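Structure, as structure tokens:
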Amino acid sequence: MTDHTTGKGQTRTDLAWAIATGGMTVVLFAALLVLAWEFAATLFLIFAGVLLGVALNAVTNLLGRVVPLPHALRLTIVCLVLAAGLAGVLVLGGTKIAQQTAVLSNTIKSQLVTVKSFLEKNGVDTSYFNLSGLNSSEASKTPDLSKTHETARAEETPSTVQRNLPSAGTLASSGTAIVSQTLKLVLGTVSAVGNFFIVLFLGLCFAAQPTVYRNGLLRMTPVKHRANATILVDRIGDTLERWLIAQMVTMAAVFLVTWIGLEIIGIESSFILGIQAGLLGFIPTIGALLGGLIVVLASLASGWVAAASAFVLFLGVHALESYVLTPIIQRQALDIPPATLFGFQILLGIIFGVWGLALALPLLAIGKVAIDFLRADSEKRSVKTAS
């Protein structure tokens, strides 16, 4: 005879356990979202290190197709070649790079002031521009030196001289301001250098033992889903490797074409402008626009003809990147509609700043691979159920 009381009690226990488990899952997911929001910069830093590790591993695997050596030895060769190339650029052209950087900085600042004045003359409100002290209105704050020394000497009495001496509080506040600005500069420099070495260390660790971290990630998934998780992780890794290799080739091509083209036009700081155009090429669409804007602004100092030539060069480089390199090199890596990518970049850029803008494409690529895999898996299950 069946005990209905026991059955009802078991049902209530199962329902309570399901509600408790669901509630704990919701709370944990909300806590993870809060932590991700609060420590977004740290998570982006770790993700940048993962991308560097994937890139190093991809180049190492390419080298393995040519030279059948152990993974550790191939990675060492890749790192030594990259370090030697960077050291060679710094040693052979370090002084020139520093000079061109200073010239480019001054040129951009002066051209921004010129553009601002031009807009103001034509009735455009430029109050939202912040040129860090380069505004022409700053000139009104300079002291009036029109008085002659005789007039100033006549007006200086012992009492006024005594009153003009800075007080102890003024000296203390000035010293505090100097120390504060110095600390900000030092802390900013230490933070940038520290972030660079963190990304470098993480990238080297991930590239040195990719299998260890892959297996560790898979062990965190439940056993019944581990097979699907393995397929998904491998697909994400392959997609990121293909995209990073294609992106490195594209960035190198943009750098060379921009540098040589600006050198032919006769633009100063052509090498630095080529470097920044190549680096900004890592950020699709927005990076190319920023690079072109910087090139045109820097070219204005050499005249309108040079600026027009630089603009034509920018259009050529953009066409080369968008219609030749990307379709040929990256057609097997990613297939994301431009409007979707641009909207996702704007969203992450507004929320997370530079990190979100720079890493929007690899994050979107990971999401696309995961969605495609889950959709294909659900379709297979639907077919099996129907059959």
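Are any residues in segment 196-210 in contact (Cβ under 8 Å) with a residue 40 or more places away in the chain and under 18 Å from the mean Cα position of the chain (by Cα), and if so, which ones? Working first, answer last.
The initial filter retains those residues of segment 196-210 that are in contact (Cβ under 8 Å) with a residue 40 or more places away in the chain, namely 198-208, 210.
Passing the criteria: Ile198, Val199, Leu200, Phe201, Leu202, Gly203.
When segment 258-287 is filtered for residues that are farther than 14 Å from Leu313 by Cβ, over 18 Å from the mean Cα position of the chain (by Cα) and among the polar types (S, T, N, Q), only Ser269 remains.
For segment 368-387, a residue qualifies if it is without any contact (Cβ under 8 Å) to a residue 24 or more places away in the chain, among the aliphatic types (A, V, I, L, M) and within 18 Å of Asp234 (Cβ to Cβ), and the qualifying residues are Ile371, Leu374, Ala376.
Could you please let me know if Gly367 is within 30 Å of Leu45 (Cβ to Cβ), in a helix (DSSP H, G or I), at pLDDT 85 or above and among the small types (Gly, Ala, Ser)?
Values: within 30 Å of Leu45 (Cβ to Cβ): yes; in a helix (DSSP H, G or I): yes; at pLDDT 85 or above: yes; among the small types (Gly, Ala, Ser): yes.
In short, yes.
The values are calculated or read from the model by the stated rules, or taken from the named source; none is laboratory data. Because the structure is predicted, anything quoted here is derived from the model rather than measured. Neighbour counts are summed over all protein chains in view; Cβ atoms, including those assigned to glycine, are modelled from backbone coordinates with ideal geometry.
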